[in-house]
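A.B. asks: Got a structure for you, questions after.
The values are calculated or read from the model by the stated rules, or taken from the named source; none is laboratory data. Please read all numbers here as calculations on a predicted model, not as lab measurements. Cβ placement follows ideal geometry from the backbone for every residue including glycine, while neighbour counts extend to all protein chains displayed.
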Amino acid sequence: MTDAREQLDERYLEAQLRDELGPQPDLSERVLRAVYAKPRRVVPPPRRVPRWKPLAAAAGVLIAAGLATYSLVNFLPEHFKPQRHTEQAERPKHPLPDIAPRAPHPKPEPQPAPNDSEDTVPEPEVEPAPGPQPTKTHTGPFPVPDFPRPPKKPDDQVSGDDPEGPVGPLPKDPGLTDPPESWPDPKKPKYADPNKGTPTPAKRAVLVAAWKGDSIRISRQDTDGKWTEEERVKSGEAFEICAGDRIKPKGSAEFTLVDGTLLRLDGEITFGGEESRIAVALNDGALYADTAAPLTVTKDEIVASITGVAVVEERLHGMDVFCVGGRVSAGEDFLMAGFQARLEKDGFGRDRNITWQDVQREFRFLKDTPQRLVLCESMDESPKGVFGGEVADGMLAGDTDSDTGIGFYLREPHELNVGDVVRFRVRLEKSAELILQFGTVADDNWRNKLGSVRGGEWIEMELPLAELFKTLDPSEKARPGMELKFFQLHPEDARAHIEIDWVEIVHRP
């Protein structure tokens, strides 16, 4: 470009600037940018193709080619598929007789088809129609008759020389025998003796002899330990309470155990143990126990043994124990009669004095005093021995006076305990003063005067045995441990006809 051309361009530029900006224009870079900063067309750079897209395209082509090949192979006519002949497929269905060997047939030479060319497509083979087929035999130099093989069974033994799998059970060596149960039946229990049959579960011990109340619910566990079985039993209905049964009465109920222990329940318990050592788990509420043998009561991990009379009440972290008679033991710790304390994992807490009246005020279900039956002599059966009368029509009756009296010997001597009370049902022909007397194994007589008894009606009478005194020494009172052997009634200074229905001894707290 020449200088004249450059000067012309500069003058033209200056003229334009004067038109736009006026005289003496500011030709600084800022002004020039403001004036000539017009939008320009920007050419975008070429799009970048990610490197993985060509690889993905190639993979897609390969997958498409593979699918096309798979379709061609599976949908071509049957004659284009490779024919797989096995020795098993060529064997006849029926055995053939032995045949003489014959010379092998010469291998036929291939004959050219008419108009043979590269474009000629071989005709498909026609499958033979169903029916008897010609038998193919071995064509080698040593022909072998082809016999059928037995059908394959799961129990067939596999021979290592046969690549086709099991062909039948191997012959047994006559000198060997299989051990017993060499092929056990999976349906039979393991180690079960087939001669004894399936073992039956042991029968559970029945722990309750009798009960009184409105109704009770008996829950039992199944084999999985779930409480699924539930039976409601009303008063007078047949029942069976065994170890493992959970009992919940409607209101409260009394249970006489097989060992003679009396329970009164206002809550829920689960029976356990066995006949000689009964145990109960206190699940809820309170339990009164008057034991004839030691009774184990558990609550979670806390265990108490009651020997005597006690009330236990379920608490959050233990049990409240009210010992009325005897003692309650927890390991090496124990609580004596007349005291109450909280029993927890570390033993009994602080105790306090109580009376039976305090316990009855504490628990409403004990408002009427429970009584455990210790001995019962019914005149329906003849006692061990009678005197002063005879047993007839379910009663002992006879005419007696103050010297002889009427009575019978107990079937078993009874050891006197604190709280024992004698109860009996008697009828006099006419009113008279009546005296009750017991004889002991030590040949002592102990008595008490009952007072005037009205004649002509049946009357139930009772007397605490602790009120007996010695006949020859009225100042000596009866004491625990005495063994009573006979029961006797006689009028005082008179003669009377006396009838006795039954006699029993009960225990009260």
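A.B. asks: Go through the range 326-353 and report how many residues are small (G, A, S) and in contact with a Leu (Cβ under 7 Å, 6 or more places away or on another chain).
C.D. replies: Matching residues across the range 326-353 total 2.
A.B. asks: Turning to a different aspect of this structure: Under the condition of being of a type in the set (A, V, I, L, M) and not in a loop (DSSP other than H, G, I, E, B), which residue from the range 343-380 is surrounded by the most Cβ atoms within 10 Å (Cβ to Cβ)?
C.D. replies: Going through the qualifying residues, I end up with L343.
A.B. asks: Please verify whether the range 327-337 includes one or more residues that are β-branched (V, I, T) and free of Cβ contacts under 8 Å to residues at least 60 places away in the same chain.
C.D. replies: yes
A.B. asks: Out of the residues in the range 270-327 that are in a loop (DSSP other than H, G, I, E, B) and of a type in the set (A, V, I, L, M), which is surrounded by the most Cβ atoms within 10 Å (Cβ to Cβ)?
C.D. replies: A292
A.B. asks: How many of the residues in the range 389-415 are hydroxyl-bearing (S, T, Y) and either not assigned by TED's automatic domain parsing to the domain that holds A466 or not in a loop (DSSP other than H, G, I, E, B) (or both)?
C.D. replies: Looking only at that region, the number is 2.
A.B. asks: Being over 29 Å from D300 (Cα atoms), assigned by TED's automatic domain parsing to the domain that holds A292 and outside any loop (DSSP other than H, G, I, E, B): is that true of Q340 here?
C.D. replies: Taking the combined requirement at face value, the residue does not satisfy it.
A.B. asks: Sort through V418, V386 and tell me the only one that's in a loop (DSSP other than H, G, I, E, B), crowded, with 16+ Cβ neighbours inside 10 Å, β-branched (V, I, T) and modelled with pLDDT under 95.
C.D. replies: Every option except V418 fails the conditions.
A.B. asks: Follow-up question, since we're still on this one. Could you check the range 369-395 and list, in sequence order, the residues that are hydrophobic (A, V, I, L, M, F, W, C), in contact (Cβ under 8 Å) with a residue 12 or more places away in the chain and out of contact with any Gly (no Cβ under 7 Å at 6 or more places or on another chain)?
C.D. replies: Answer for the range 369-395, where residues must be hydrophobic (A, V, I, L, M, F, W, C), in contact (Cβ under 8 Å) with a residue 12 or more places away in the chain and out of contact with any Gly (no Cβ under 7 Å at 6 or more places or on another chain): L373, V374, L375, C376, V386, V391, M395.
A.B. asks: Out of everything in the range 400-412 that is under 59 Å from the mean Cα position of the chain (by Cα), in contact (Cβ under 8 Å) with a residue 60 or more places away in the chain and farther than 19 Å from P464 by Cβ, what residue ends up being surrounded by the fewest Cβ atoms within 10 Å (Cβ to Cβ)?
C.D. replies: Y409
A.B. asks: Consider only pairs whose beta carbons are under 8 Å apart and that are at least six residues apart or on different chains; among these, list those whose first residue lies in the range 338-360 and is within 17 Å of G419 (Cβ to Cβ) and at pLDDT 95 or above and whose second residue is in a helix (DSSP H, G or I) and of a type outside the set (F, W, Y).
C.D. replies: Here the result reads V359/L366; Q360/L366, each pair linking the range 338-360 to a residue that is in a helix (DSSP H, G or I) and of a type outside the set (F, W, Y).
A.B. asks: Here's another thing I want to ask about it. Hey, could you check the range 195-234 for residues that are at pLDDT 90 or above and not in a strand (DSSP E or B) and say which is farthest from V297 (Cα to Cα)?
C.D. replies: Applying the filter and picking the extreme gives D214.
A.B. asks: Among what's in the range 421-438 and is touching a Pro at 6+ places or on another chain (Cβ under 7 Å) and hydrophobic (A, V, I, L, M, F, W, C), pick the residue that is modelled with the highest pLDDT.
C.D. replies: V421
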